[in-house]
1. If you plug each phi of the range 4-12 into the Karplus form 6.51 cos²θ - 1.76 cosθ + 1.60 with θ = phi - 60°, what whole-Hz ³J(HN,Hα) values come out, in order, with x for Gly and Pro?
2. Taking the convex hull of the Cα atoms, report for the range 1-44 its projected area averaged over all directions, in nm².
3. So with the 1.4 Å probe, I'd like the accessible area per residue for the range 1-115, rounded to whole Å².
4. Near the amide H of Arg101, under 5 Å away, which other amide H atoms are found, from residues 5 or more places off or on another chain, if H is placed in the peptide plane?
5. For the range 38-110, just list the percent of Cα-Cα distances falling in each 10 Å bin from zero outward, please.
6. Each residue of the range 16-29 in order: what ³J(HN,Hα) in whole Hz does its phi give by Karplus 6.51 cos²θ - 1.76 cosθ + 1.60, θ = phi - 60°, with x for Gly and Pro?
7. Would you mind computing, in nm to one decimal, how far apart the modelled labels at Leu84 and Lys36 are, each placed 7 Å from Cα along Cα→Cβ?
8. Can you tell me how much longer the chain between Gln4 and Glu114 gets when fully stretched, taken as 0.36 nm per residue apart minus their C-alpha distance, in nm with one decimal?
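The values are calculated or read from the model by the stated rules, or taken from the named source; none is laboratory data. Note that the coordinates shown come from a computational prediction; the quantities given were computed from them, not determined experimentally. Cβ atoms come from the backbone with ideal geometry, glycine included; neighbour counts cover every protein chain shown. These area figures cover heavy atoms from the full protein model, side chains too; ligands, DNA and RNA do not enter into them. Shrake-Rupley method; radii C 1.70, N 1.55, O 1.52, S 1.80 Å.
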Amino acid sequence: YARQLHEYAVGLAGVANGESRIGDGGLSAFFLSEIKSEGSSPRFLIENEFAHIHADRSHSLHLVLPTAVGLELQEKGWTEQHPLGGAGAIPDTNFILYGARNAQELNISKLILEQSWVFASNNSRIASLTAQRDAPQLRCC
């Protein structure tokens, strides 16, 4: 399902794909091609990178989300706040989205990734994920 999520991400307007500028290398990252972030920003992981897929078998995503949205998703079992974000070492908008295990989870993962893209774009379309309140609870890791 990581490949389908990757294809979805690169299909979003203004998104470029490349290797992440953080991590151990080999991470497929998503950038806003027309935005140049200077310094640390809560809307990006680094520079103009708003998400990347981990290369390990979990295929989890490190992404940015509005803190309230990310914490709501954490309560539902979809994300967890990045440990460094919770500790204040990086912005608290950094979350880990668990890798999808089936088509239903893939569809919800696409919605969450889109929320990250909208947040990074500083687009006013950020919507509450209350429609997902009835989403199935997932494992924590």
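1. With the stated coefficients, the range 4-12 comes to 5, 5, 4, 4, 5, 4, 6, x, 6 Hz.
2. Over all viewing directions, the range 1-44 projects a mean Cα-hull area of 3.7 nm².
3. 48
4. So Arg101 has HN proximity to Leu106.
5. Using 10 Å bins, I get a P(r) of 21, 53, 24, 3 for the range 38-110.
6. 10, 10, x, 7, 4, 8, 10, x, 8, x, x, 8, 7, 10
7. Placing both labels 7 Å beyond Cα along the Cβ direction yields 2.4 nm.
8. 38.2 nm
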